[in-house]
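To start, the structure under review is shown below, and the notes come after it.
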Amino acid sequence: MGLITLPVIRRMAVCGGTHGNELTGVYLVPELERQRREKGDTLWPVPVTTVLSNPRAVKECKRYVNKDLNRCFTSAILSSPVTDTTPYEVQRAQELNSMLGPKGTADATDIICDLHNTTANMGLTVISYSHTNWVIMHIYKYLQEKITKVPVRLILLNIPICDAYSLESVAKHGISLEVGPQPHGVVRADIFNVMKEGVNVVLDWIQHFNSGKVIEGAEVDVFMFEKSVDYPRDTETQNPLAVIHPQLQDQDFCLLQRGDPLFLTFSGETVGYDEEEPLHPFFINEAAYYEKGIAFHLARKKTLVIPNIQAKND
Amino acid sequence: RLSALCCQAVTLPALSCVALCGGTHGNELSGIYLVQETLKNKRKGEAMEAVTVVTVISNPRAVQQRVRYTETDLNRCFTYAMLSAPVSERTPYEIIRSQELNSLLGPKGSGQAVDLICDLHNTTANMGLCLITYADSDWICLHICKHLQARTNDPYTSVGKHGFAMEIGPQPHGVIRSNIFTAMQEAVHLMLDWVRLFNSGTQFDEGSVDVYTMVKNIDYPRDPYTHNITAAVHPELQDRDFCLLYPGDPIFLSFSGEILRYKGKEPLYPFFINECAYYEKGVALLLARKSKVKIPAIQCSRA
């Protein structure tokens, strides 16, 4: 299988409240800070920067104030000039990029773990950009082994890094940890514990990796984002005409075959999946996606081979 | 309005006008869609015999923005004081709106008020279908409860002569779930069926209804400086609405892992456990006592 040597991990950031109403991260970040105050810097294998990404949105318990912060990290937006009319979140994205980046440079933090919740039944889902980022692929493999309370999956977005729009793309190895289902504005103890365990497992992996051991590769199943599907809408008012079908609701990552029900209209008709290729739906009925015209996303499942890796001090 | 002899049915006037209100909270979607669909079906010419159903989107601004409220919670604006407060430029939108709704559906306490208001709500708590009425001597609402086999009793005010809130959960705010929508749709149909039966002279037998009466609420433990919550509802209490809570049972799990327990002396029934909108009201859960309320036989009085 060969062996790939990679630089040790030196710095990590854990970000919560990128969406101000996704409360697990909003409360986990101060809890990590409390742990650090109580137990000191040796608690973790590397220095961990803890960040409340969107403090104004957190204060108002809203997803965002002017604009979705998690769409503001493309290279274009990060380098756009700031004026009086620049939305709050664009300015904040540029601040976060200075603090944790700059994106695409050698100074960028090694790992960002951005904490999110979803109203969809997605267990613990890792979201990232690159299927050849072996650090990320190994972190995912380790999470899958160690977390048993909920299913763990990886979604890969096929977007080049300069066009990558979310916060974690600022780091050399960035992941979003998405845990659900949880209503926005609510904190559930079981979801909090899954996220807390997830962050601890990532820190654990860093410790193993940095110790210089060979981390064995394997085959892993991943979900590659393919496309989004909107609700059927009234052509005049644009109001949705249907709801996610009860047989699809909560069935994230199932396999959709032709004819399977997708939507139930208010007049009682079923709208079925009419594509040839079976695909896997996820983010089914996510509250925040109604305004983005998304009922769910579809992904193709793939098996990838990840190589053995080893840390090397440079 | 009570009958003189205890063995006879209580006679009450017909319920000729029923108001169905959705979007009192603009992000509780089942009621909003149900009202919009009911309106669409009416336009298509579906008749509603024996009872007039008025449909209302209570807080259109909040519905448009998909928020609970824009300035103040509309569902706390129906006290006599707020309904009669003078309106100025600084009056919050929801108070102006509550006064409009009072004109449209009330005025509260008058003979012209609609006969029955059914206010449609969702909750993030696992409460199933709940009816919330404000008086345990409102025989109409209690008979409807009995008809729907639903349960709760809590002092919220209403504008109509008889009023109740229909609360269905769990559903995240800003999300519409098919099973929850269907449950609300069926419950509203059952309720309107009951009203038609009542109006056509059916006598409904005496009986009893299990009712939960709110005793107190419990707030989250909070940081004394920031006022931020320091714990979540304990996993053993989460989703266990209407399961008896005993002294010593866990109620919170702090973010640092400690268990906090119920310190009351009396076993009580928790509900609205972990309702999103109540964090800002300082409420993690409500506690109720359960009782059986006897309801007399009732029948519509022919005019």
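To keep it simple, each residue is scored yes or no on (1) under 30 Å from residue B:239 (Cα atoms); (2) touching a Lys or Arg at 6+ places or on another chain (Cβ under 6 Å).
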| position | (1), (2) |
| --- | --- |
| A:150 | yes, no |
| A:166 | no, no |
| A:177 | yes, no |
| A:180 | yes, no |
| A:191 | yes, no |
| A:226 | no, yes |
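Search segment B:103-121 for residues being part of a helix (DSSP H, G or I) and not small (Gly, Ala, Ser), and hand back the single one that is surrounded by the most Cβ atoms within 10 Å (Cβ to Cβ). Once the filter is applied, the top-ranked residue is B:105.
Residue by residue, here is whether (1) surrounded by fewer than 19 Cβ atoms within 10 Å (Cβ to Cβ); (2) over 20 Å from the mean Cα position of the chain (by Cα); (3) at pLDDT 95 or above; (4) in a strand (DSSP E or B) holds:
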site	(1), (2), (3), (4)
B:266	yes, yes, yes, no
B:269	no, no, yes, yes
B:273	no, no, yes, no
B:277	no, no, yes, no
B:294	yes, yes, no, yes
B:302	yes, yes, no, no
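Would it be correct to say that residue B:90 is charged (D, E, K, R), over 30 Å from residue B:244 (Cβ atoms), surrounded by fewer than 21 Cβ atoms within 10 Å (Cβ to Cβ) and in contact (Cβ under 8 Å) with a residue 60 or more places away in the chain? No: the conditions fail for residue B:90. One residue stands out in segment A:168-200 among those that are within 18 Å of residue A:58 (Cα to Cα) and among the charged types (D, E, K, R): the one that is nearest to the other protein chains (Cβ to nearest Cβ), namely A:188. The residues on offer are B:239, B:223, B:210, B:219, and the sole one that is surrounded by fewer than 21 Cβ atoms within 10 Å (Cβ to Cβ), in contact (Cβ under 8 Å) with a residue 40 or more places away in the chain and within 12 Å of chain A (Cβ to nearest Cβ) is B:239. The residue list B:84, B:110, B:88 contains one member that is closer than 21 Å to residue B:162 by Cβ and hydroxyl-bearing (Ser, Thr, Tyr), which is B:110. For segment A:186-202, a residue qualifies if it is of a type outside the set (D, E, K, R) and open to solvent by 10 Å² or more (accessible area, probe 1.4 Å), and the qualifying residues are A:191, A:193, A:200, A:201.
Looking at segment B:225-248, is at least one residue assigned to a strand (DSSP E or B), within 20 Å of the chain's Cα centre (by Cα) and basic (Lys, Arg)? No. For segment B:168-207, a tally of residues being in a loop (DSSP other than H, G, I, E, B) and away from chain A (no Cβ under 14 Å) returns 6. Select from segment A:124-173 the residues that are assigned to a strand (DSSP E or B) and open to solvent by less than 10 Å² (accessible area, probe 1.4 Å) and write down the one among them that is nearest to residue A:192 (Cα to Cα). Looking at residues that are assigned to a strand (DSSP E or B) and open to solvent by less than 10 Å² (accessible area, probe 1.4 Å), I get A:124.
All of B:11, B:79, B:38 fail the test of being modelled with pLDDT under 95, farther than 30 Å from residue B:205 by Cα and in contact with a strand residue (DSSP E or B) (Cβ under 6 Å, 6 or more places away or on another chain), apart from B:38.
The values are calculated or read from the model by the stated rules, or taken from the named source; none is laboratory data. All values reported here derive from a predicted model rather than from experimental measurement. We place every Cβ from the backbone using ideal geometry, glycine too, and count neighbours over all the protein chains shown. The protein model used for the area step is the full one, side chains on, heavy atoms only, and it has no ligands, DNA or RNA in it. Shrake-Rupley method; radii C 1.70, N 1.55, O 1.52, S 1.80 Å.
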